[in-house]
Amino acid sequence: MAADSYDDVAKNKESIPELEVAPQDLYHAKSFWTKYIFCQDAKVIGIQYALTAAAIGMVGLVSSWLMRMQIAFPGVIPMDAAAYYQLVTMHGMIMVVYLLTALFLGGFGNFLIPLMVGARDMVFPYVNMVSYWVFFIAVLILGASYFVPGGPTGAGWTLYPPQAITSGTPGGDGLGIVLMLVSLAVFVIGFTMGGLNYVITILQARTRGMTLMRMPLTIWGILTATVLALFAFPALFVAGIMMTLDNMLGTSFFMPAIVQFGERLTYDGGSPILFQHLFWFFGHPEVYIVALPAFGIVSDLISVHARKNIFGYRMMVWAIVIIGALSFIVWAHHMYVAGMNPWFGFFFATTTLIIAVPTAIKVYNWVLTLWRGNIKLTIPMLFSIAFIITFVNGGLTGLFLGNVAVDVPLSDTYFVVAHFHMVMGIAPVLVILGSIYHWFPLITGRFLNERLGRIHFWVTFIGSYSIYFPMHYLGFMGVTRRYFEVFEGDNFTYSITGINQFITVAALITGAAQFLFFYNIIVSSKFGKKAGKNPWKACSLEWQTPDVPPTHGNFGKELPVVYRWPYDFSVPGADEDYITQDTPPSAVANAKAEQT
Amino acid sequence: MEESNQNVKVVIPEKKSFSKEWASDQKAFKGVPWGKAMMWIFLVSDTFVFSIFLISYMTVRFSTKSEWPNPSEVFGLHVGHYNVPLLLIAIMTFILITSSGTMALAVKYGYEKNRKMCGYLMLATAVFGASFVGMQAFEWTKLIMEGVRPWENPFGAPQFGSIFFMITGFHGTHVTIGVIFLVIMTRKVFRGDFDTGKRGFFTSQKSNYEAIEIMGLYWHFVDLVWVFIFAFFYLW
Ligand code: HEM
Ligand SMILES: [Cu+2]
């Protein structure tokens, strides 16, 4: 569209804003190394991020299999309690930080931001490239902890001191915990480099006509999440430094006077609660760092595949921003049982419940977008609907946990595990999977295999529901999380064992389905059905590039000019059921678009 | 960086109301170059880092059971017969704030394309910064000789030493990084890179005097942080 509409542009000269961003001075790779390895093209960096995250994510996935085997069929895979705790810890940390955060912001962020806002690349391609390699080093450091004496840390992904750095905990007196903390600090440094790029590209390098309120919600989600990350990761960074010092130098930031195996340690007068505050000041925004890009992306998927404009665009934007802001003042709802002042609990319960309001608005708007839409049950759409269902489920349990009185008995049970896997485990992963089916034709020029995709979807959706839904019940029964062995009969009813076995079988099948998905990706990138240009008939800019897949510089000779928002689907009077963002008004003179 | 293509006319629109300007197309901050916007946002993020350091310091100061040492005594210097409290710290603070002045002047001369003055002032800033780090090293040495360690000290609460080394160390690292960049930039100024638009070795982007202003933002920030450390750690 862009290239041949320039005469129209000339005719409508008054409607085109003047150029404010000078053309970018692109870096052109000269050798194999700078082209594919130390590449400065955001699209390649995005794919590098995604592949690295997926690779370490597989370690997380296999850890979860092993854990489930131990819970349901103890003895089949021999392991001791220490190994179990190491699996729990590495699974949690890998999934939250190294998979989801890196994939959404590093992967999708890099690939989509320049394309969707109409830029040729990120604003600082060199820094962006360094960002990926620093992330890569962080992953290597994390991986190295598997090979040091004592193995990786088994402190739980929350890494609470004192136990995280005492010798009873696996990795606590060895290098395990140190490597974990160092890896996190390195991750934060790498992320900051990338994050500054994402924010500045979105704020300062959009193409002509791309106002903030014409950006796809994907971009809004990624922007807000990145800002959250830039302000929340410092807490993790500093806490990591202080805990490393406690461990290596014997300072007492987090360590009170403590007796271990009858021997008084040298620590004295530190504050373990301080760590919890710092961790959750990072940790709660972190859950929205994962959730907000998912919110944004799913809005776009729903709109495209239901051929309908997104319901309440402005509301959606503000909901994202408000959720982001509120997420900084709810962190202590993770600490209701930590012995806080009750007034604190009151305050944090209130803010926590308030955050449900913008969240609910978003859910209503997704459903209202589907309402009387021309719903195409494509695989991305299936994943999006599945996302809404799981997210509502998890959000509702969040409301239970947000109330202090309800949370106290439920805290540290499987109910919490069910809650956060519903909202943060499955829901965003469903969006990731759906969006890979959606954008794969843009990345490779080919579709993913449809039949394998449908099998993958149904197994994943039903499978993950089978895994996590029964966990609510386990939680009500009082089954504690992070227990190496669950003793039926003594403390729990006999149904516990059966449920646990059911969950484990479901987990094995669901996990295996992901390997089917990887297979699909590998095979389809070579032999998949050719997709051609804009196969989903989407309006946003990433599909309007002259070459598919987009080449270095994204938009060929001229950057596109944007005339409308990205949701002009089924506009009355238009020839097609969609009008791309770069279609000038004169080209669709009869269309009656409501919003531009 | 973005002023790369001199042939294209880039128009910076007139000021509109705050919300209109924010929501308009292309740029949220009109006329603000990419590098400067990035530095600002980085500094906000870094503010979080230092705030959390300081808040953690206050928390452990309350949680520790031993007495908190009196900083004016610990950080005093003997001059003749007198024990002058915080003498060295006062000098360090003075030097750092002075360096902010020279930095600001360097930015001014940079934009006036006065290469010489700009370069000398940058150099002065770097020297001030280096002497700050030097005095900090002296202070560290003095305290270490007196038996202060990250895990214990003869004056009272063990957290005193750990906080001291951690926060001043982290700030000192910031200053050191600043000095290194100041030196590199000084060299570039004298070589005339900013006038000729020579491409950066790593980034392959054209050099521009804006870089000095961005450097200045960082430097002023590091000074400002020091003021807070001074107020909360040394004076309290
Ligand atoms: C309506 C919104 C939500 C509310 C009211 C809510 C409330 C809570 C509360 C009170 C807890 C602490 C439970 C306990 O430890 O006893 C919790 C845990 C958790 N929530 Fe949520 N939540 C909400 C949404 C989300 C979202 C959107 C995500 C992620 C995308 C999320 C991820 C988590 C995680 C990861 C944990 C557990 C952390 C851990 O202890 O290991 N929550 N939630
Ligand atoms: Cu939370």
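Quick notes on this one:
- B:Gly156 being small (Gly, Ala, Ser), over 21 Å from B:Phe228 (Cβ atoms) and in contact (Cβ under 8 Å) with a residue 12 or more places away in the chain: yes
- B:Gly35 passes every criterion in (1) within 26 Å of B:Gly200 (Cα to Cα); (2) more than 7 Å from every other protein chain (Cβ to nearest Cβ); (3) open to solvent by 20 Å² or more (accessible area, probe 1.4 Å) apart from (3).
- Residue within segment B:184-204 that is under 20 Å from B:Phe228 (Cβ atoms) and open to solvent by 10 Å² or more (accessible area, probe 1.4 Å) present: no
- Residue in segment A:292-304 that is of a type in the set (Gly, Ala, Ser), within 14 Å of chain B (Cβ to nearest Cβ) and more than 16 Å from ligand 2 (Cβ to nearest atom) present: no
- For segment A:485-502, the count of residues that are among the aliphatic types (A, V, I, L, M), in a helix (DSSP H, G or I) and over 27 Å from the mean Cα position of the chain (by Cα) is at least one.
- Answer residue from segment A:266-288, given it is more than 11 Å from ligand 1 (Cβ to nearest atom) and not hydrophobic (A, V, I, L, M, F, W, C) and is most open to solvent (accessible area, probe 1.4 Å) among those: A:Thr266
- Residues that are open to solvent by 40 Å² or more (accessible area, probe 1.4 Å) and either touching a residue at least 60 places away in the same chain (Cβ under 8 Å) or in a loop (DSSP other than H, G, I, E, B) (or both), drawn from segment A:63-78: A:Trp65, A:Phe73, A:Pro74, A:Gly75, A:Val76, A:Pro78
- Note on segment B:199-236: residues that are part of a loop (DSSP other than H, G, I, E, B) and at pLDDT below 80 amount to 7.
- For segment A:235-247, the count of residues that are in contact (Cβ under 8 Å) with a residue 40 or more places away in the chain and part of a loop (DSSP other than H, G, I, E, B) is zero.
- Just one of the listed residues (B:Thr64, B:Thr59, B:Thr47) is touching a Leu at 6+ places or on another chain (Cβ under 8 Å) and either at the interface with another protein chain (Cβ under 8 Å from one of its Cβ atoms) or β-branched (Val, Ile, Thr) (or both), namely B:Thr59.
- Hits in segment A:115-163 (condition: within 16 Å of ligand 1 (Cβ to nearest atom) and more than 14 Å from every other protein chain (Cβ to nearest Cβ)): A:Thr153, A:Gly154, A:Ala155, A:Gly156, A:Trp157, A:Thr158, A:Leu159, A:Tyr160, A:Gln163
- Of the set (1) within 16 Å of ligand 2 (Cβ to nearest atom); (2) in contact (Cβ under 8 Å) with a residue 24 or more places away in the chain; (3) farther than 30 Å from A:Ile113 by Cα, all apply to A:Met471 but (1).
- Hey, A:Ala325 within 16 Å of ligand 2 (Cβ to nearest atom), without any contact (Cβ under 8 Å) to a residue 40 or more places away in the chain, surrounded by fewer than 22 Cβ atoms within 10 Å (Cβ to Cβ) and over 24 Å from A:Ala386 (Cα atoms) or not: yes
- Counting the residues of segment A:16-39 that are open to solvent by less than 30 Å² (accessible area, probe 1.4 Å) and more than 9 Å from chain B (Cβ to nearest Cβ) gives 2.
- Selection status of A:Gly573, outside the structural domain of A:Arg206 (by TED's automatic domain parsing), within 19 Å of A:Thr207 (Cβ to Cβ) and either of a type in the set (Gly, Ala, Ser) or surrounded by 20 or more Cβ atoms within 10 Å (Cβ to Cβ) (or both): no
- A:Gly109 closer than 28 Å to A:Ala205 by Cα, surrounded by 24 or more Cβ atoms within 10 Å (Cβ to Cβ) and at pLDDT 95 or above: yes
- From B:Gly172, B:Gly110, B:Gly147, B:Gly200, residue being of a type in the set (Gly, Ala, Ser) and under 23 Å from A:Val238 (Cβ atoms): B:Gly172
- For segment A:414-452, a residue qualifies if it is within 16 Å of ligand 2 (Cβ to nearest atom) and touching a residue at least 60 places away in the same chain (Cβ under 8 Å), and the qualifying residues are A:Phe415, A:Val416, A:Val417, A:Phe420, A:Val423, A:Met424, A:Gly425, A:Ala427, A:Pro428.
- For A:Leu474, the test of being within 24 Å of the chain's Cα centre (by Cα) and either among the aromatic types (Phe, Trp, Tyr) or buried (at least 21 other Cβ atoms within 10 Å of the Cβ) (or both) is failed.
- From the options A:Phe108, A:Phe104, residue that is assigned by TED's automatic domain parsing to the domain that holds A:Gly174 and touching a Pro at 6+ places or on another chain (Cβ under 6 Å): A:Phe104
The values are calculated or read from the model by the stated rules, or taken from the named source; none is laboratory data. From a predicted model like this one, the values you see are computed outputs, not experimental measurements. Cβ: placed from backbone, ideal geometry, glycine included. Neighbour counts: every protein chain shown. The accessibility values were calculated without ligands, DNA or RNA, using every heavy atom of the protein model including side chains. Shrake-Rupley method; radii C 1.70, N 1.55, O 1.52, S 1.80 Å.
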